[in-house]
Amino acid sequence: MSVITHARGKSRLATMIDAAGGVSVGVALAQARENIEAMRAQAMAVVDAQIVLLEAVPQPGSIEEQAGRIGEAYRAANGVIDAASPFELLDLCRAAAGLCDILDNAPADKPFDWRIVTVHARALKLLQTLPLEQADSRAAVLDSLRQVVERKSAPRPPTSTL
């Protein structure tokens, strides 16, 4: 019978705290908060850039172009989620995730209503500019987007092959 052992390593934080004259937990947490806040500005710059990319995706001119354009829009919306989620910017994440859901369900053989992408991009910009204190306004924007997602993501009836 073989025995498997697992040697656990210490994190840098644990090593700093345990070392003689090391950092206290309170100081370490304060430093971590400062580091996270410094990263928030970078994340918001990424969110801004992804929204600009989303707005810049041109409407496809043909069905053949559509899959590529939908892919571009999906990557931009997903980029918003990736940058916003570590900072719990849930409104931005919900709006972008709703667009991703719609894009996932877009039929490959029929023209996609590109106004959906435009509306979501504008809503993302609006959510960025609305102060957190305006919870009612933010909720109204999200509710409108939710209704679009529900209408556009509804299961499509099966097509008959007869």
Exercise for review: Would you mention how many residues in the stretch 49-82 are under 12 Å from the mean Cα position of the chain (by Cα) and either over 19 Å from Leu145 (Cα atoms) or open to solvent by 70 Å² or more (accessible area, probe 1.4 Å) (or both)?
Suggested key: 3
Practice item. Would you tally the residues in the stretch 109-139 being more than 17 Å from Ala56 (Cα to Cα) and not in a helix (DSSP H, G or I)? Key: 8
**Study point:** Residues of the stretch 23-48 satisfying the condition of being open to solvent by less than 80 Å² (accessible area, probe 1.4 Å) and of a type in the set (S, T, N, Q)
**Key:** Ser24
Point to revise | Residue tally, condition more than 13 Å from Trp114 (Cβ to Cβ) and among the small types (Gly, Ala, Ser), over the stretch 58-67 | key: 1
**Study point:** Neighbours by Cβ (under 6 Å, 6+ apart or cross-chain): first from the stretch 87-101, of a type in the set (Lys, Arg); second modelled with pLDDT of 95 or more
**Key:** Arg94/Leu142
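For the stretch 101-122, give me each residue that is within 14 Å of Ile51 (Cβ to Cβ) and open to solvent by 10 Å² or more (accessible area, probe 1.4 Å).
First, pick out the residues of the stretch 101-122 that are within 14 Å of Ile51 (Cβ to Cβ): 117-122.
Once the filter is applied, which keeps residues that are within 14 Å of Ile51 (Cβ to Cβ) and open to solvent by 10 Å² or more (accessible area, probe 1.4 Å), the stretch 101-122 yields Thr118, Val119, Arg122.
The values are calculated or read from the model by the stated rules, or taken from the named source; none is laboratory data. What you see is a predicted model, and the numbers here were worked out from it, not measured in a lab. Reconstructed Cβ throughout: ideal geometry from the backbone, glycine too, with neighbour counts over all protein chains shown. Surface areas here come from the heavy atoms of the whole protein model, side chains and all, with no ligands, DNA or RNA. Shrake-Rupley method; radii C 1.70, N 1.55, O 1.52, S 1.80 Å.
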